[in-house]
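Pasting in a structure now, in structure tokens, and then I'll have a few things to ask.
The values are calculated or read from the model by the stated rules, or taken from the named source; none is laboratory data. Keep in mind the model is a prediction, meaning the values are calculated, not measured. Cβ: placed from backbone, ideal geometry, glycine included. Neighbour counts: every protein chain shown. When the accessible area is computed, the model is the full protein with side chains, heavy atoms only, and any ligands, DNA or RNA have been set aside. Shrake-Rupley method; radii C 1.70, N 1.55, O 1.52, S 1.80 Å.
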Amino acid sequence: MDTITAIEPQKRRGNRRSISVNGEFFAGVDEEVVFDLRLKVGQPVDAERLAQVLQTEEIRRARESALTLLDYRARTSREIEQRLALKGYPEETIAAVITQLERLDLVNDERFASDWVASRLNYKPQGRTRIGWELKRKGVSPDIVDEALAQVDEVAEFDMALELAERKLGGARIEDQDARRKLAGLLQRRGFRWDIVSRVLDKLGSEEDD
């Protein structure tokens, strides 16, 4: 059985501690790790305990990286997983970080999806198809996507499509079939279903006839 023989503050980083085992430097860790694992000088440690020290420090560093990402904007659990994987963290470390962040409600895919849909409804008109595609691309599960999209009823989707079409036309008329095709293409690229697109074109056409 080995023994922790020193836990000393590092000169350049006051929140870091240098741990020595059997009189030799073992690892540098954050003071949080020392506190969480209740490490003390004179404490006997075996190989499993020492491995736990290293793993706890690695999880802490990965969590700090994740928190830095979240400082910029909310992210899905999948986005965090992908970014940490790119930094070289192993799957078990990433899984532990995600669990911690979800427990603290710092990562919440349901809230992310709901906020994303609300943002699209209020600031960037898009159809259900496009919004759903965006969320799935960010790693949100299909069940959560469907639940979030329930916020978008058919009336709201039609109104968004009509507003976008009217803004695009800028008061101009749909003069010919080519103009109708271009407008239809724009609405479909924004993720509006064809039945919505068709109703918008019919409405704008009937307004012109009036």
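Name the lysines eligible as straight-distance cross-link partners of Lys182: C-alpha to C-alpha under 24 Å, and not fewer than 8 places from it in the same chain.
Straight-distance partners of Lys182: Lys124, Lys168, Lys203.
Just the number, please: percent antiparallel of the DSSP beta bridges in the chain, rounded to the nearest 5.
In the chain, DSSP labels about 100 percent of beta bridges as antiparallel.
Here is a follow-up. Take each of the peptides 93-102, 16-25, average the number of other beta-carbon atoms within 10 Å over its residues, and list them starting from the highest.
93-102, 16-25
Note the listed values [x] 21.7, 69; [y] 27.3, 92; [z] 15.9, 47, then indicate which one is Rg and Dmax of the Cα atoms in Å calculated from this particular structure.
[y]
Taking θ as phi - 60°, what are the ³J(HN,Hα) couplings along the range 115-128 by the Karplus curve (6.51, -1.76, 1.60), each to the nearest whole Hz, with x for Gly and Pro?
Each residue's phi maps through the Karplus curve to give 5, 5, 4, 4, 5, 5, 5, 8, 10, 9, x, 8, x, 4 Hz.
Follow-up. Report, in cubic angstrom per residue, the convex hull volume of the C-alpha atoms of the range 5-45.
59
Sticking with this one: At a probe size of 1.4 Å, how large is the accessible area of Arg167, to the nearest 10 Å²?
Probe radius 1.4 Å; accessible area of Arg167 about 130 Å².
Checking the a/c ratio against 1.5 first, then a/b against b/c, what shape does the Cα gyration tensor give for the range 80-170?
It comes out prolate by the Cα gyration axes.
What distance in nm separates the two pseudo spin-label positions at Ser65 and Asn15, each 7 Å out from Cα along the beta-carbon direction?
1.7
Please report how far the C-alpha centroid of the range 97-148 lies from that of the range 1-51, rounded to the nearest whole angstrom.
About 41 Å separates the Cα centre of the range 97-148 from the one of the range 1-51.
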